[in-house]
Structures are given as structure tokens and as C-alpha cells.
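For reference, the structure is listed below as C-alpha cells.
The values are calculated or read from the model by the stated rules, or taken from the named source; none is laboratory data. Here the structure is a predicted model, which means the values were calculated and not measured. Ligands, DNA and RNA are stripped out before the accessible areas are found, and what is left, the full protein with its side chains, is counted by its heavy atoms. Shrake-Rupley method; radii C 1.70, N 1.55, O 1.52, S 1.80 Å.
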Amino acid sequence: MKSRRIITTWITVTVAVMFALPFCVARFAPADAGMVLCMILFLIVNPIYSAILGFRCGRNIRQMWYLPLVSSVAFLAGTWLFFDIKEAWFTIYASVYLIIGWAAMGVRKYLISRNSSNSRKHNEQI
């Protein structure tokens, strides 16, 4: 039950970051600041969020492997819907976010397995 709550929380945050933020930029930002805000979203906020999400999902890959994919799809849906252009570069951004998320997931899984093997070696020495 706890893992479902965690997954629901991450999906909610994903929708807020990858879907609602592009909406806010497209609808509420002044024209001169809109491009700067888009670049901040696309080049700073979204990659950092993808890495954080992937790193968190690496703790339980069997149940959370799809969350970076959901994040990328939410980004794609949000940008295509709110910016009214079906630019192919948005697909590349979404793919990069997916790769970042899955790579961070792999790093977390590696760190967990390395730490558990180190603790087993330490216990064997005692």
C-alpha cells in the first residue's frame, strides 16, 4: 500500500512539473520572458527533475520502472498541447529526459547493489 502512495505522489509531481509548468509558461508568461522561461524549463528544471525521479525509482525498479516514461510522455503532451506546435524537437527532449531518468535509475540500483555487497563482505570479515 505504501508503494502505491509513493507512485501516486510521484505521478502527481510529474504532472505538475512536466504538464502544468509548460501550461503556466504558455498562458501566463509575458512574451519577452516566455522564451527564457521555456529554456529554463527545458534545459534545467526538466532534466534535474528527470534525474531525481529516476534516482528515486532506482530503489524499487520492479514497481517504478515506468515513471520516467510517464514523465517523458507528460512533457510531450504538455508541450504539444500548450505551445500549439507539433515540433519534432520536443520528441528529442522527451527522449533525453527518458534516458536521463533511466540512467539515474541504473546508477541508484548500482549504488544499492554495491553497498549491499560491501556490507556482506564486511560482515563476513567479522
Review point. Tell me, what HN-Hα J-couplings in whole Hz come from the Karplus equation 6.51 cos²θ - 1.76 cosθ + 1.60 at θ = phi - 60° for each residue of segment 26-31, using x for Gly and Pro?
Key: 5, 9, 10, 6, x, 4
Check your understanding: Could you state the number of Å between the C-alpha centres of segment 1-70 and segment 90-116?
Key -> 14 Å
Revision key, fill the gap. Whole-percent carbon and sulfur contribution to the accessible surface of the chain (1.4 Å, no ligands, DNA or RNA) stands at 69 percent
Check your understanding: With the other protein chains left in place, how much accessible area per residue, in square angstrom, belongs to segment 15-126 at a 1.4 angstrom probe?
Key -> 61 Å²
**Study point:** Spherically averaged projected area in nm², based on the convex hull that wraps the Cα atoms of segment 26-68
**Key:** 3.5 nm²
Practice item. Using Cα pairs closer than 8 Å and at least 6 residues apart in sequence, work out the relative contact order for the chain, in percent. Key: 32 percent
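Please report the projected area of segment 1-110's Cα convex hull averaged over all directions, in nm².
Approximately 6.6 nm², given one-decimal rounding.
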